[in-house]
Amino acid sequence: MEILQYALRKLLAGLPLILGVTLVSFALMVYFGPDMTYQLLGKNPTPEQILEVRQQLGYDQPFLQRYLVFLGEIVTFDFGVASTGEPVATLLAKTIPVSLILILPGFILGHVVGLLLALAAAYWRGSWPDKLIMAVAVIGMSVSFLIVIIGFQIVLSSSDGLDLFPVRGWNASSLGNYLSYVTVPTLATMFVALGYDTRFYRSVIVEEMTRDHVRTSRAFGLPESRILLRNILKNCLIPFITRVMFSIPQVAIGGALLIESYFGIPGIGKATYEAIVTGDQPVLKAVVSLTAILFVLVVVLNDILYRVVDPRVTLK
Amino acid sequence: MTKDLSQPVLKVRDLTVEFATEDGVIRAVDSVSFDVQPNETLGLVGESGCGKTVTGLAMLRLIPMPPGRIASGSIELDGRDLVPLPDRDLEDLRGRALSMIFQEPMTALNPVFTIGNQMTDVLCRHRDLTRRQARPVAAELLAKVGIPEPANRLDDYPHQLSGGMRQRVMIAMALSCNPRLLIADEPTTALDVTTQAQVLEQFRALQAEFRMAVILVTHDLGVVAETCQRALVMYCGSIVESGATAELFSRPRHPYTAGLLASIPRLRSERLPELPVIPGRVPDLLNLPAGCRFADRCPRVQERCRAERPVLTGRDSGVACHYPL
Ligand SMILES: Nc1ncnc2c1ncn2[C@@H]1O[C@H](COP(=O)(O)OP(=O)(O)OP(=O)(O)O)[C@@H](O)[C@H]1O
Ligand code: SF4
Ligand SMILES: [Mg+2]
């Protein structure tokens, strides 16, 4: 129960952060975002027409007022209508699940496989399995995302290669379809993240291996494998959790945007990309505010998980 | 297995431990030989950096490798050499026949597991107990080392205990499988004076009860005088003098030992925070002089000392000096 109270307190403490983040992103949108006025007007508009459109868009209101309206939109989850005529909320409800099932497998597998490789490298540190794994990781890190995607497409999807999977597009109507469309994007995301994740996990584990408590465990005859998988790993959880949590916003924004637009998958990333290109402000506002909230949730959840895994973190 | 009380528990011969550093190989322990008899407490004294901890760690083959390695020598526990022993057999001995208490009570325990969890780990590893059976045994051990409310402490994490309490937990863990030999590396140095006295008192009582041999590493000559039957004085990785404590203290032969003793305060109760200061600096392990390593600081130094390195005259009682007192 203590932990629930703690979680609640952390969430409340996250509110000002949400205010701050949304305020900054709103200011950026207002001052640097696209001005919709001229898109909505014909050629050679009269000053009266301009004034009218600006009024409709709310551009004539003072900044603070506009920000409050924006907050209202966030709270009611009503971001208005996209330039396609579709309500933004509907658009989000349609695209976010697609992105989730697209990104999640690669995200989870990337971290799990990265951790397993790191454990193997740390266990055999200094000898050949370690060197091999780390060499492959460096190679993985040095190849650009686009080349990885194209490479996988050629090998797995093209008629010159194995021709196993569709090149582009999306269909999740059945499990079979879903698997055939999700495989290549998953492999590509995994491949790109794997090098970085493996190196990160290995360095945390190897650092922890030098701690006094590890020497104590050895001095009492505990087997090396148990020391690694239990005593060391539990001490690594805080940096691990931080890593995983803070890669969420990055994957949600960067990863989804690139993969979806490249593979032509109708997720939130592609919708965002199109909104940026066409200057679709209601969609952009929704994406920006949701990202801000996601970020704050990540921070809060991170704090809560710290408390769960480390007894030294107090509940205050 | 019955143990022969006339044979030494531990026989160390020509033990050399080296570390590969960026600037070159340093020899932290240089051809050290000594015996530990059953039920005896052997003191190991010397200034900071002289190789006491490395010697202790080597007994359990706990030297971090790399950069370290046991370059040569043998370490025989009850007649069995530990140096070439397969890892698996060694793991079996660690914590059971051979235990070690570390210098740093604050970091030696795992911060994310409870005391009970860590003690049970050791008990289950070496004694035929289930975790459920091990818990009361752990509580009993905590009571033995003078921890109040031991059953409740089992659920505490290390950070909830004071340094003194943590060191007691370490002692309890080290004793939990009735070791033949306990290596206690400055078990009280990190503690405040009152706690030091209490822990040492407890320690002596336990040693009598558990009837084990102990290597007590310390820089406190007062502790050596009160606790140890014999002592080794280390300097720059080598033993410069060894002998029965009474002998060593009343008639030191090595100028270094004499220097250490001369600077002890007269009041016995006054514990020293550091080893008494002898003028001059310890030579750099990377640039050791060819002759006697104490030459630069020695009041009795002669020409021969700089040219020729003195060797220890005897293992159980001896001195490494050309012109002993
Ligand atoms: N991991 C290591 N890498 C390199 N050198 C080391 C390592 N561990 C110990 N040494 C060196 O070995 C020498 C002896 O160190 P040791 O810790 O045994 O000293 P000590 O006598 O225990 O000193 P103290 O009283 O400060 O505990 C030191 O010069 C130290 O620099
Ligand atoms: S050998 Fe010489 S320098 Fe070394 S301790 Fe003896 S007298 Fe001093
Ligand atoms: Mg030491």
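Using 7 Å Cα-to-Cβ label points, what is the residue A:273/residue B:106 separation (nm, one decimal)?
Going from the residue A:273 label point to the residue B:106 one covers 5.3 nm.
Peptide B:53-64: average number of partner chain Cβ atoms within 10 Å per residue?
Partner Cβ neighbours, averaged per residue: 1.
How far is it, in nm, from the label point at residue A:160 to the one at residue A:141 when both lie 7 Å from their Cα along the line to the Cβ?
Computed distance between label sites residue A:160 and residue A:141 equals 3.1 nm.
Report the label-to-label distance for residue B:244 and residue A:125 in nanometres (one decimal), using points 7 Å from each Cα along the Cα→Cβ vector.
4.8 nm
At 222 nm, what value in deg cm²/dmol follows for chain B if DSSP H runs of at least 4 each add -39500 (n - 2.57) and the sum is divided by all its residues, to the nearest 500?
Estimated from H runs of four or more residues: -9000 deg cm²/dmol.
Under the classification rounded if a/c is under 1.5, otherwise prolate if a/b is larger than b/c and oblate if not, where does chain A fall, given a ≥ b ≥ c as square roots of the Cα gyration tensor eigenvalues?
oblate
What area, in nm² and to one decimal, does the C-alpha convex hull of the protein assembly as shown cast on average over all directions?
Directional mean of the projected Cα hull area for the protein assembly as shown stands at 40.8 nm².
If the chain between residue A:203 and residue A:108 were fully stretched, how many nm would it gain, using 0.36 nm times the residue separation less the Cα-Cα distance?
Values: separation 95, 0.36 × 95 = 34.20 nm, distance 1.99 nm.
Stretched out fully, the residue A:203 to residue A:108 stretch lengthens by 32.2 nm.
Based on the Cβ-Cβ distance from residue A:314 to residue B:74, what FRET efficiency comes out when R0 is 41 Å, to the nearest 0.05?
0.25
Rounded, prolate or oblate: which fits the range B:26-97 when a ≥ b ≥ c are the square roots of the eigenvalues of the alpha-carbon gyration tensor, with rounded for a/c under 1.5 and prolate only if a/b beats b/c?
Oblate shape, in that a/c is at least 1.5 and b/c is the bigger or equal ratio.
From the square roots a ≥ b ≥ c of the eigenvalues of the alpha-carbon gyration tensor of the range B:122-185, which class results: rounded (a/c under 1.5), prolate (a/b over b/c), or oblate?
oblate
Please flag any cysteine in chain B that has no other cysteine's Cβ under 4.7 angstrom from its own Cβ.
Cysteines lacking a close Cβ partner in chain B: B:50, B:124, B:177, B:228, B:236, B:298, B:321.
May I ask you to order A:162-171, A:92-101, A:198-207 by the average number of other C-beta atoms within 10 Å around their residues, highest value first? Can you show the working numbers first?
Working: A:162-171: 14.1, A:92-101: 16.5, A:198-207: 20.2.
Top to bottom by mean Cβ count within 10 Å: A:198-207, A:92-101, A:162-171.
Quick one, what does Rg over Rh come out to for the range A:258-299 if you take C-alpha atoms and the Kirkwood Rh?
Looking at the range A:258-299, the ratio lands at 1.04.
Return the calculated 222 nm mean residue ellipticity for chain A, to the nearest 500 deg cm²/dmol, obtained by summing -39500 (n - 2.57) across DSSP H runs with n ≥ 4 and dividing by the residue count.
Mean residue ellipticity, 222 nm, calculated: -24500 deg cm²/dmol.
Work out, step by step, the length gained on full extension between residue A:50 and residue A:168: first 0.36 nm times the residue separation, then minus their alpha carbon distance; give nm to one decimal. Display every interim value, and only then the final one.
Details: separation 118, 0.36 × 118 = 42.48 nm, distance 4.26 nm.
Length difference between fully extended and current span is 38.2 nm.
Return the Rg/Rh value of chain B, two decimal places, where both radii are evaluated on C-alpha atoms and Rh is the Kirkwood radius.
Computed over Cα atoms, the ratio is 0.97.
Tally Lys/Arg at +1 and Asp/Glu at -1 over every other residue whose Cβ is under 15 Å from the Cβ of residue B:204; what's the total?
Computed value for this residue: -2.
Averaged over peptide B:90-101, how many Cβ atoms belonging to another chain are found within 10 Å of each residue's Cβ?
3
Would you mind telling me which residue in A:268, A:103, A:227 has the biggest mean-square fluctuation in a Gaussian network model of chain A, where springs connect alpha carbons within a distance under 10 angstrom?
Ranking A:268, A:103, A:227 by mean-square fluctuation puts A:227 first.
Taking every DSSP beta bridge with both residues inside the range B:150-296, roughly what % is antiparallel (nearest 5)?
That works out to approximately 55 percent antiparallel.
When chain B is treated as a GNM, springs tying every alpha-carbon pair under 10 Å, which of B:106, B:65, B:170 comes out with the largest mean-square fluctuation?
B:65
Mind checking which lysines have their Cα closer than 26 Å to the Cα of residue A:234? Skip sequence neighbours fewer than 8 apart in that chain.
Partners found: A:10, A:131, A:316.
Given 0.36 nm per residue, what is the gain on full extension from residue B:117 to residue B:22 after removing their alpha carbon distance, in nm?
Values: separation 95, 0.36 × 95 = 34.20 nm, distance 3.92 nm.
That works out to 30.3 nm of additional length.
To the nearest 0.05, how large is the calculated FRET efficiency for residue B:311 and residue B:286 if R₀ is 22 Å and r is the Cβ-Cβ distance?
With a Förster radius of 22 Å, E is 0.50.
Read-outs throughout are calculated quantities, based only on the coordinates presented, and are distinct from any laboratory measurement. The structure displayed is predicted, hence computed values, not measured ones. No Cβ is skipped: glycine too gets one built from the backbone with ideal geometry, and neighbour counts run over all protein chains shown.
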